[in-house]
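**Q** Before I ask anything, here is the structure I am working with.
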Protein chains: 4
Amino acid sequence: MSLSDAQLAEIEANREQTAATRRATVPALEELLYRALPVLDHGFVRVIDYMGDDAAVVQAARVSYGRGTRRVSEDAGLIRYLMRHRHSTPFEMCEIKYHVKLPIFVARQWIRHRTANVNEYSARYSILDREFYIPAPEHLAAQSVANRQGRGEVLEGAEAAEVLDLLRQDAARSHDHYVAMLNEGAGGEKIDPSRQGLARELARMNLTLNTYTQWYWKTDLHNLLHFLALRADQHAQYEIRAYAAPMLEILRAWVPATYAAFADYRLGAVNFSAAMLAVLRRMVAGEAVDQKGSFLSKREWAEMMSALGRDA
Amino acid sequence: MSLSDAQLAEIEANREQTAATRRATVPALEELLYRALPVLDHGFVRVIDYMGDDAAVVQAARVSYGRGTRRVSEDAGLIRYLMRHRHSTPFEMCEIKYHVKLPIFVARQWIRHRTANVNEYSARYSILDREFYIPAPEHLAAQSVANRQGRGEVLEGAEAAEVLDLLRQDAARSHDHYVAMLNEGAGGEKIDPSRQGLARELARMNLTLNTYTQWYWKTDLHNLLHFLALRADQHAQYEIRAYAAPMLEILRAWVPATYAAFADYRLGAVNFSAAMLAVLRRMVAGEAVDQKGSFLSKREWAEMMSALGRDA
Amino acid sequence: MSLSDAQLAEIEANREQTAATRRATVPALEELLYRALPVLDHGFVRVIDYMGDDAAVVQAARVSYGRGTRRVSEDAGLIRYLMRHRHSTPFEMCEIKYHVKLPIFVARQWIRHRTANVNEYSARYSILDREFYIPAPEHLAAQSVANRQGRGEVLEGAEAAEVLDLLRQDAARSHDHYVAMLNEGAGGEKIDPSRQGLARELARMNLTLNTYTQWYWKTDLHNLLHFLALRADQHAQYEIRAYAAPMLEILRAWVPATYAAFADYRLGAVNFSAAMLAVLRRMVAGEAVDQKGSFLSKREWAEMMSALGRDA
Amino acid sequence: MSLSDAQLAEIEANREQTAATRRATVPALEELLYRALPVLDHGFVRVIDYMGDDAAVVQAARVSYGRGTRRVSEDAGLIRYLMRHRHSTPFEMCEIKYHVKLPIFVARQWIRHRTANVNEYSARYSILDREFYIPAPEHLAAQSVANRQGRGEVLEGAEAAEVLDLLRQDAARSHDHYVAMLNEGAGGEKIDPSRQGLARELARMNLTLNTYTQWYWKTDLHNLLHFLALRADQHAQYEIRAYAAPMLEILRAWVPATYAAFADYRLGAVNFSAAMLAVLRRMVAGEAVDQKGSFLSKREWAEMMSALGRDA
């Protein structure tokens, strides 16, 4: 993470300002507010603002005049019920806003989640910093042989070294040329007075996809859970899972009862198809079933055995 | 407005609880928080929660590390710029949540605004109160002769009296029969032990469309402005404009710079079509133009003259 | 269903017009096009237009230049894969548009699905017909004792008769008074020349919630599946399930491979929570588990046993 | 545009297949269907499918049983009325689907329009072609001095030559290294058998932002008009306006009455703020007003004079 001293000072200044509010407030999330949690080599996630808490979910479900909450255990029970039966609207009543710094190729996956609000740092107006994502050696994976979109073993030795060199050199060179084409110094003055300088909106096209960008991203709790269910999943690319991880920790601090229900009914849950269910009934009744007798495809059989903690 | 003493006590209890927060806080809106602002005969709007302020719009537009604000006049200037050029995403960074009590036929207009989150009081689970909207005499309008969806003069005398009687009687009778079909007392006990009682999800179909319902409604500032531009407009039905009015006052308390820009560029603004613009250029150049010479339809000519404060 | 002869003639006229197109075309759906499939006592669903077919899902998933399809079995396999792994965007590439006639209380449930386009018949402009939903005797259910939002046994004898009488009389009387307040004949002339007639936008508030309305409703295939998964479910109110049923048949005619995958992975599937999964692993390993030993709540245990086809 | 012979053949094969349909059909758009309209140096837009026509807008506004249309002039009048009064829902009843090939930095602007469906060619699964956008000399603009996000004069001479060289070389080198890191030949075989090859999802980060990607993009007519109003505007970056231009031509072929109303009320229209309107009234009344006397800012005065075709 590469925050300048001025940026860190701004963050600390924000953290020091407090005011009295009548709104629902979550001390555990206040403690994290504005702080940049590091992700990858130069990225971060920080919470800028939030609205609501576990009780706000309950309050909306009951359309109540006061906080609408009863005993903590009753509220948690209602939240579990809502999660189990996919009653999503009460979870939409909470909102959170993040400031995220992330490589452009990760931003392109992230933005597919359309039910969110985004303000991205504009390379039409401003100049992007010289910061690129370079994978740590343990994340420099080969193409998976089994899975067209997966990763295989970690690259090693000369191949790893060469890949890292190429990534570093190409990103650096592209950024150097970007700055040269812009022909603009830190104070806005021309570096070479004999040149005009290329428009920012054009020069940016020379940057590589591992260049860092940043944005404000705001979403409601229901859509956040959907985002995390997909992006914290083992099938998601490592580089976006690296963002989902601290966001799960933030979630736990913010809405602990919702987090617990989410962990049980989403993160740790498995959907059994009608065909799998038929097999399951036979197994539970004591029948020995193998893949052939299951009428499932090999892949689905393997997925089902994995969910049941058995060898395929 | 018909809040019970218990409901008023819950609201006051909520208002008395304050906590320290690091979040952006707006004292003028805190002052209004939770309070039910009366609308129509039994309805209300009350703010339950909010996120952000004018500075949060600026902060998102600048993707800044701190509050991102400079002098108040600079911030207001940026907000005016964003509003003028329809840069909507920074306004999406603020959020507000209301509790609204409203007649069902108003709720059906309101719900067409899809970019919002809603939790409505469920008549499948619960029993609706015996409260109906009956127009005040000055709002009991005849059908407009000129406009198929507008109102004409106010009804008077015997016709007005009869209409009010019918509205009152039909709503009351339908609700009485609703309760009778439910066969369920205040404590959940059967009123007539020899009867089963009709399912709530069925009995509700007997209610009239002026019965009051209530919901939690949450939206971002950009979509709120869009809602208010349409629903505070003179072409909107009076009964929904009655809700837009206090919501505009809440807006002014919450984000005064945004409100001012909105009043100038939306509420008080007029869109001139290409054809109108051609006429306007001729008029500004000193030419006397009449409807025939304008090549505009009579209706468009009248709209244009009205916008210019002239007789058609 | 109460279509006038003129309406039936319009529908037949539409069905008789055909044109040549280069677009993806589904003969089985063309056969159904425009036809009103009856629902409840006066309602219907009819398909007005559609875009795409099973192959369009495959084509979008492959971002191909031609139709993108290979052998039928390969395409079906890809569709199953997309459905199983919740890759929703290829299903968004198909679209369907319906004309639906439905009671207002059903419309209010339906409209909660926000990711769709709607044009409803406006009672601000026009006058609603004298048609109300009255449940068939076998659907006149008592309130469930076990479930606050469910139905119990069917009402019988005097109670059933009285309920039906009240529903019929209140709806009819409210509509009669609606017409009287409007004071407008079929040709637009005043019924009573001495009266002005109440504005349509006001008079409609006297109607009961079982009055029929109608709308055009358009959605993409992904959101349609989500709608059907919720509304064809046994927990949905009967009156909306009655619409989901013919829509499922339309779905099967339109995109048979998608329908088959949907039936397997959604309609007939069950989500097992992390806690249920732990119990399942013990059961499959041969352990005898009862509710107490499962650490599941009674309700969750019962749901799980039901999914496994066993006594709770 | 660089379509292979095989791709062109697939497109022609699609164009040759026709079928009979009962759906609304637009011969002028059928003529364009599937054809790739070239944009920039390697990009294109082609229509893959569509739903509805001008009459479908009218039909939805009237919620009719047949096509709902009357005389062409009446339909056009209704469409103008809907456009003028921002009744957007009838326009949502038409839908169009494109296949677009575009540089990644353009895709990143485009994707901000969230109310659309997208399937992008995945560089996690597949390998991107060696195609980059290099601006034509007349589009190689300097940074604007007046406007932080605009373009100034065209670069010339040595500076232009150097910029083009850098753009070409960096894009080509980055792609060459991308292929080398992948270590995968056209047939999937390893180029260098001693190396594993970097995972596709990682290697793509080395590509520059002017690399071409492609996607299927589907939207409704209302949201398309919003997209075109913003992206065909002179303030939009040239490279996205280059896509808006053929899309406007497609629009005109598809829904000519909607296009005409859109041209009058959106493309050629100007929004006058309340403050501008006050000035306008004075001018139309014959008063000579200058910037100082207008109480408008210099920038707003200049915008208003420009709209009126006068010197600022």
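**Q** Just to verify a result, which residue in segment A:144-163, among those that are of a type in the set (A, V, I, L, M, F, W, C) and under 17 Å from A:Y238 (Cα atoms), is surrounded by the most Cβ atoms within 10 Å (Cβ to Cβ)?
**A** At the first step, the residues of segment A:144-163 found to be of a type in the set (A, V, I, L, M, F, W, C) are A:145-146, A:154-155, A:158, A:160-161, A:163.
Pick out the ones that are also under 17 Å from A:Y238 (Cα atoms) and you get A:154-155.
Details: A:V154: 14, A:L155: 25.
Among residues in segment A:144-163 that are of a type in the set (A, V, I, L, M, F, W, C) and under 17 Å from A:Y238 (Cα atoms), the one surrounded by the most Cβ atoms within 10 Å (Cβ to Cβ) is A:L155.
**Q** Starting from segment B:271-288, take each residue that is among the aromatic types (F, W, Y) and list its partners that are in a loop (DSSP other than H, G, I, E, B), counting only C-beta distances under 9 angstrom and pairs at least six apart or across chains.
**A** So the pair list comes out as B:F272/D:A269.
**Q** Separate question: Identify the single condition in (1) among the charged types (D, E, K, R); (2) modelled with pLDDT of 95 or more; (3) farther than 26 Å from A:A269 by Cβ that A:E92 does not satisfy, given that it satisfies every other one.
**A** For A:E92, the exception is condition (3).
**Q** Given the criterion under 20 Å from B:A269 (Cβ atoms) and away from every other protein chain (no Cβ under 11 Å), identify the matching residue among D:K298, D:K292.
**A** Details: D:K292 fails: under 20 Å from B:A269 (Cβ atoms).
Among D:K298, D:K292, only D:K298 is under 20 Å from B:A269 (Cβ atoms) and away from every other protein chain (no Cβ under 11 Å).
**Q** So, of the residues in segment D:15-51 that are outside any loop (DSSP other than H, G, I, E, B) and among the hydroxyl-bearing types (S, T, Y), which turns out to be farthest from D:K97 (Cα to Cα)?
**A** Top of the filtered list is D:T21.
**Q** Quick one: C:R108 ticks every box in (1) of a type in the set (K, R); (2) at pLDDT below 95; (3) assigned by TED's automatic domain parsing to the domain that holds C:D220 bar one, so which box is it?
**A** With respect to (1) of a type in the set (K, R); (2) at pLDDT below 95; (3) assigned by TED's automatic domain parsing to the domain that holds C:D220, C:R108 is out only on (2).
**Q** Of all residues in segment C:65-96, count the ones that are touching a residue at least 24 places away in the same chain (Cβ under 8 Å) and of a type in the set (S, T, N, Q).
**A** The number of residues fulfilling the criteria is 2.
**Q** Would you check which residues across segment B:1-49 are over 18 Å from A:Y34 (Cα atoms), touching a helix residue (DSSP H, G or I) at 6+ places or on another chain (Cβ under 6 Å) and within 8 Å of chain A (Cβ to nearest Cβ) and list them?
**A** B:Y34 - this is the single residue of segment B:1-49 that is over 18 Å from A:Y34 (Cα atoms), touching a helix residue (DSSP H, G or I) at 6+ places or on another chain (Cβ under 6 Å) and within 8 Å of chain A (Cβ to nearest Cβ).
**Q** For the condition closer than 25 Å to C:G152 by Cβ and not assigned by TED's automatic domain parsing to the domain that holds B:F105, what is the one hit in B:Q149, B:Q196, B:Q169?
**A** On the way: B:Q149 fails: closer than 25 Å to C:G152 by Cβ; B:Q169 fails: closer than 25 Å to C:G152 by Cβ.
From the options B:Q149, B:Q196, B:Q169, the qualifying one is B:Q196.
**Q** Another question, then. Quick check on this structure: which one of B:H99, B:H113, B:H139 is in contact (Cβ under 8 Å) with a residue 60 or more places away in the chain and not assigned by TED's automatic domain parsing to the domain that holds B:S2?
**A** Working: B:H99 fails: not assigned by TED's automatic domain parsing to the domain that holds B:S2; B:H113 fails: not assigned by TED's automatic domain parsing to the domain that holds B:S2.
Criteria check complete, one pass: B:H139.
**Q** I'd like to know if segment A:89-102 contains one or more residues that are buried (at least 19 other Cβ atoms within 10 Å of the Cβ) and farther than 30 Å from B:A19 by Cα.
**A** Yes; the residues of segment A:89-102 include at least one that is buried (at least 19 other Cβ atoms within 10 Å of the Cβ) and farther than 30 Å from B:A19 by Cα.
**Q** I would also like to ask the following. Which one is surrounded by the most Cβ atoms within 10 Å (Cβ to Cβ), of the residues in segment A:65-76 that are touching a helix residue (DSSP H, G or I) at 6+ places or on another chain (Cβ under 6 Å) and outside any helix (DSSP H, G or I)?
**A** Keep residues of segment A:65-76 that are touching a helix residue (DSSP H, G or I) at 6+ places or on another chain (Cβ under 6 Å), which gives A:65-69, A:75-76.
Now narrow it down to the ones that are outside any helix (DSSP H, G or I): A:65-69.
Values: A:Y65: 22, A:G66: 16, A:R67: 19, A:G68: 19, A:T69: 18.
By that ranking, first place goes to A:Y65.
**Q** Any residue in segment B:234-241 that is over 27 Å from B:A146 (Cβ atoms) and out of contact with any Gly (no Cβ under 7 Å at 6 or more places or on another chain)? Spell out the reasoning first.
**A** First, pick out the residues of segment B:234-241 that are over 27 Å from B:A146 (Cβ atoms): none.
The answer is no; no qualifying residue exists.
**Q** With in the same structural domain as A:A55 (by TED's automatic domain parsing) and closer than 27 Å to C:L267 by Cβ as the only criterion, which of A:A253, A:A263 stands out? Walk me through how you get there before you give the answer.
**A** Details: A:A253 fails: closer than 27 Å to C:L267 by Cβ.
When all the criteria are applied, what remains is A:A263.
**Q** Hey, another quick one. Pull up segment A:1-48, narrow it to residues that are under 30 Å from B:E10 (Cα atoms) and acidic (D, E), then point me to the one that is surrounded by the fewest Cβ atoms within 10 Å (Cβ to Cβ).
**A** Among those that are under 30 Å from B:E10 (Cα atoms) and acidic (D, E), it is A:E31.
**Q** Identify the single condition in (1) of a type outside the set (A, V, I, L, M, F, W, C); (2) farther than 27 Å from A:H87 by Cα; (3) in contact with a strand residue (DSSP E or B) (Cβ under 9 Å, 6 or more places away or on another chain) that C:Y216 does not satisfy, given that it satisfies every other one.
**A** So the condition that C:Y216 fails would be (2).
**Q** If a residue counts only when it is more than 10 Å from chain C (Cβ to nearest Cβ) and under 23 Å from the mean Cα position of the chain (by Cα), which strands (runs of 3 or more DSSP E) contained entirely in segment B:77-180 have at least 2 such residues? Can you show your working first?
**A** Numbers: elements: B:95-103, B:117-120, B:141-143, B:151-154.
Correct list: B:95-103.
**Q** To continue, here is another question. What are the residues in segment A:214-226 that are surrounded by fewer than 24 Cβ atoms within 10 Å (Cβ to Cβ) and under 21 Å from D:M205 (Cβ atoms), if any?
**A** To start, the set of residues in segment A:214-226 that are surrounded by fewer than 24 Cβ atoms within 10 Å (Cβ to Cβ) comprises A:214-215, A:219, A:222-223, A:225-226.
Answer for segment A:214-226, where residues must be surrounded by fewer than 24 Cβ atoms within 10 Å (Cβ to Cβ) and under 21 Å from D:M205 (Cβ atoms): A:Q214, A:W215.
**Q** Among the candidates C:A260, C:A229, C:A269, C:A244, single out the residue that is out of contact with any strand residue (DSSP E or B) (no Cβ under 8 Å at 6 or more places or on another chain) and crowded, with 18+ Cβ neighbours inside 10 Å. Reasoning before the result, please.
**A** Numbers: C:A260 fails: crowded, with 18+ Cβ neighbours inside 10 Å; C:A229 fails: crowded, with 18+ Cβ neighbours inside 10 Å; C:A269 fails: out of contact with any strand residue (DSSP E or B) (no Cβ under 8 Å at 6 or more places or on another chain).
The match here is C:A244.
**Q** Can you confirm whether segment A:52-64 contains a residue that is in contact (Cβ under 8 Å) with a residue 40 or more places away in the chain and either part of a helix (DSSP H, G or I) or under 28 Å from C:E303 (Cα atoms) (or both)?
**A** Going through segment A:52-64, the residues in contact (Cβ under 8 Å) with a residue 40 or more places away in the chain turn out to be A:52-54, A:57.
Right, trim to either part of a helix (DSSP H, G or I) or under 28 Å from C:E303 (Cα atoms) (or both) and you get A:54, A:57.
Yes, there is a match, as at least one residue in segment A:52-64 is in contact (Cβ under 8 Å) with a residue 40 or more places away in the chain and either part of a helix (DSSP H, G or I) or under 28 Å from C:E303 (Cα atoms) (or both).
**Q** Taking helices (runs of 4 or more DSSP H) that do not extend beyond segment B:207-285, which have at least 3 residues that are within 30 Å of C:T211 (Cα to Cα) and within 14 Å of chain D (Cβ to nearest Cβ)? Explain how you work it out, then say what you get.
**A** On the way: elements: B:221-231, B:238-254, B:256-262, B:274-284.
So the answer is B:221-231.
The values are calculated or read from the model by the stated rules, or taken from the named source; none is laboratory data. Computed from a prediction, not measured in an experiment: that's the story for all the values here. Neighbour counts run over all protein chains shown; Cβ positions are idealised from the backbone, glycine included.
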